[in-house]
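Report on the structure given below.
The values are calculated or read from the model by the stated rules, or taken from the named source; none is laboratory data. Everything numeric in this text was worked out from a predicted model, so none of it was measured. All Cβ positions, glycine included, derive from the backbone under ideal geometry; neighbour counts span all protein chains shown.
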Amino acid sequence: MRCVIARYPFDLTKSGVLDSMKGVKPEEITGESVIIGRRAYPVMQVGQVITRQDRRDFSAGEVLRAMTKLGFTCRGLPENTTPTCASDAFQQASAMHGAPAAA
């Protein structure tokens, strides 16, 4: 499949992506990800490996579109299930134990 990533045309195939990612250890996922084989990779890591370009040269959206068209499973941003600051955590804990929340 022909696609454009960072203004450069690439002819990508599913088997080509699988071969490129073989033996590559996944980095920690903090944003969008792509399932390749049995592993989940950060989308920017996949883009860097398959294009051999610096991550600053392309967007996650460009890589996600290409991987989706090739039939890979892509995941969006992980949901944040933890409180964003200590005061939120205190208020949640207080509410769970019946204590009044601090103002």
| query | Which one is nearest to the chain's Cα centre (by Cα) among residues in segment 31-54 that are part of a loop (DSSP other than H, G, I, E, B) and closer than 11 Å to Arg75 by Cα? | reply | Glu32
| Given (1) in contact with a Phe, Trp or Tyr (Cβ under 8 Å, 6 or more places away or on another chain); (2) at pLDDT 95 or above, index of the condition Val43 fails | (1)
| field | Every pair of residues 6+ apart whose Cβ atoms lie under 9 Å, when the first sits in segment 36-54 and is under 20 Å from Val4 (Cβ atoms) while the second is assigned to a helix (DSSP H, G or I) and of a type in the set (Ser, Thr, Tyr) | value | Val46/Ser20; Val49/Ser20; Ile50/Ser20
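Can you tell me which residues in segment 9-30 are part of a strand (DSSP E or B) and surrounded by 12 or more Cβ atoms within 10 Å (Cβ to Cβ)?
Listed by number, the list holds a single entry, Phe10.
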| note | The condition from (1) part of a strand (DSSP E or B); (2) touching a Lys or Arg at 6+ places or on another chain (Cβ under 9 Å) that Val4 misses is numbered (2)
| said: If I ask for residues that are in contact (Cβ under 8 Å) with a residue 12 or more places away in the chain and either out of contact with any strand residue (DSSP E or B) (no Cβ under 9 Å at 6 or more places or on another chain) or outside any loop (DSSP other than H, G, I, E, B) (or both), which ones from segment 55-69 would you list? | reply: Asp57, Ala60, Glu62, Val63, Leu64, Arg65, Ala66, Met67, Lys69
